[in-house]
Each structure stands twice: as C-alpha cells, then as structure tokens.
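Here the structure comes first, spelled out in structure tokens, and everything after it is commentary.
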Amino acid sequence: MRDILPNGLVDILRDRYLAGVADAEALFDAGVADEDSLTGALGQAIAKPIPYEFFDGGDAYSVKIMWKKIRGRGPNAPERLYGADGLFQILVSDANGSVIRSKGLPFQSKTNWHGRSAEVARQSRDIESSLGGGIVLNFKETGYEACTTAAAVESSGNRRQLERAQLMKPLGQMLGNDFLNCTIGQIGLYFDPEDERFYQHRRILSPANTITTFVRRRRAA
C-alpha cells in the first residue's frame, strides 16, 4: 500500500490494527465459548466507522474502517464453499469514488488450536484453491496469532510444527505489517457492501464476515 498511500497514513492504519487486536484480546474471556463472538469482537475493536481525515501536502485522505456481519450459515455458506470465515479488506478510491485498488485477506478462525488438525489443513486447502490464499487466525488467551494457509497446508495443520518453524505470528503484526506491505492478501478480492457479494476479478463469491478499511483520496480544500 505504500506505493499508492503516504507512509504516514499507512503507519496510522498499522497502529489501528495493532490497537484493535490488543483490545479484542483483552475481551477474550467474554467470548471464548463462541467463535463467532470472538470474530465479531475483533471486527468491532478494529472498526472506526466515523471517517477521519489525513492530510499529506496538497492531498487529503478520508479513512474509515468498517465491520459487517452478514449471512454465514445455510445453503452455499462461504465456509463450506471456500473454507473461509471472513475477509479483511482494504478499498482505496480516488476523488470521484472510483476504486483504484482493492485487496482482500480471507481468514479461517479457530479457538485454542494446539496440535495437528485435519480440519485446519482441509479448510486451508479450500482457501488456497478457491481464493488464492489467506490466513488461519487462532484465538487464544495468551494472544491472537495467525499463519498463512499455505503454511498450514504444508504442515498438515500441525500448529506445533508451525510454531517451531516460527511461522505463527501475532495477528496484529500480520495485519499491520504483512497485509499492509502487500506480502499477503489478494489484489482484486473485495466485498461490495451494496449488493452484499464478494468479487474476485469479476467472479462473484459468497458473503461472510468482513472487516473493511476504506481510504478515499481527495484534494485538500
């Protein structure tokens, strides 16, 4: 994102992700019985629905971060089709509102994933094959962590092996560094809030949980 956004703005987004994850971790005990509750709490902690302005020379940027809970069960539910529970995404638009870059990071959520999990490996393979890759997000009392789905497939869902190989990272670090620096995530994968559908290079996907960062560039007054 640093190739199209000012470094100062990217740093602000990074700090927001880090703070949001830390706030969600503090509420782990309140939602540990329900994985959906933990996912929702994470989205609400990161969200900043009231737009704020960032100025860089002659340009101004309007930024807001949204979380939306939409259908995740029933026929054609995204987890069954793609292995994903939801999506982190960034939408950058120009002064006319036209999107100049969209980027999505699908995720599969787990709570207290410790050893080998055939389910994690299977869902990660589904995300790799249908969405091009994503992360496995592990909610646990000592801190939220994540690994890439590619690494989860390679290890056959063995978290201990991933930890030994230093492939499990703090979630805040993965979002604030790897996602913003474009080392993970899929360019062109996005969720349209108007028709409540996912798109990837014009291919319609199914809805899930989305945590969206909107950045709109406009000229300063």
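The values are calculated or read from the model by the stated rules, or taken from the named source; none is laboratory data. Nothing here was measured: the structure is a model prediction, and the numbers come from that model. Note that each Cβ is placed from the backbone with ideal geometry, even for glycine, and that neighbours are counted across all protein chains shown. The protein model used for the area step is the full one, side chains on, heavy atoms only, and it has no ligands, DNA or RNA in it. Shrake-Rupley method; radii C 1.70, N 1.55, O 1.52, S 1.80 Å.
Brief remarks follow.
- Computed FRET value (nearest 0.05) for ALA60 with GLN173, which takes r as the C-beta separation and R₀ as 25 Å: 0.30
- Heavy atoms of SER156 accessible to a 1.4 Å probe, total area in Å² rounded to 10: 60 Å²
- Spacing of the modelled spin labels on ALA33 and ILE4, each 7 Å from Cα toward Cβ, amounts to 4.4 nm.
- Applying 0.36 nm per residue to the separation of ALA165 and ILE12 and subtracting their alpha-carbon distance, the gain on full extension is 52.0 nm.
- PHE107 long-range amide H proximity, modeled H, under 5 Å: ASP85, GLY86, LEU87, PHE88, ILE135
- Note, ³J(HN,Hα) from phi for the range 15-30, Karplus 6.51, -1.76, 1.60, rounded to Hz, x at Gly and Pro: 4, 5, 4, 4, 5, x, 5, 4, 5, 5, 4, 5, 9, 4, 4, 6
- Whole-angstrom gap from the range 122-136 to the range 153-177, using each part's C-alpha centre: 15 Å
- Near GLY157: Cβ cut-off under 11 Å, other residues only, Lys/Arg at +1 and Asp/Glu at -1. The net charge is +4.
- Largest accessible area first, the listed residues THR142, THR148 line up as THR142, THR148 when surface is computed with a 1.4 Å probe on the assembled protein chains.
- Ranked by solvent-accessible area (1.4 Å probe, protein heavy atoms only, all chains present), the residues GLU128, GLU163 order from largest to smallest as GLU163, GLU128.
- 3J(HN,Hα) couplings calculated from phi for the range 88-103 with the Karplus curve 6.51 cos²θ - 1.76 cosθ + 1.60 (θ = phi - 60°) are, in sequence order, 8, 8, 10, 10, 10, 10, 8, 4, 8, x, 7, 6, 9, 7, 10, 8 Hz; Gly and Pro show x.
- Distant-in-sequence amide H partners of GLU145 (H built 1.01 Å from N, under 5 Å): ASN138, LYS140, LEU171
- Computed extension length for ASP23-ASN112: 30.2 nm, one decimal, from 0.36 nm per residue of separation with the Cα-Cα distance subtracted.
- Distance between modelled label sites at ILE50 and ILE100, nm, 7 Å Cα→Cβ extension: 2.8 nm
- The 3J(HN,Hα) values that the Karplus relation (6.51, -1.76, 1.60; θ = phi - 60°) gives for the range 61-67 are, in residue order, 10, 9, 10, 8, 10, 10, 10 Hz. Gly and Pro appear as x.
- Amide proton proximity set for THR213, modelled H, under 5 Å, gap of 5+: MET66, GLN89, ILE90, LEU91
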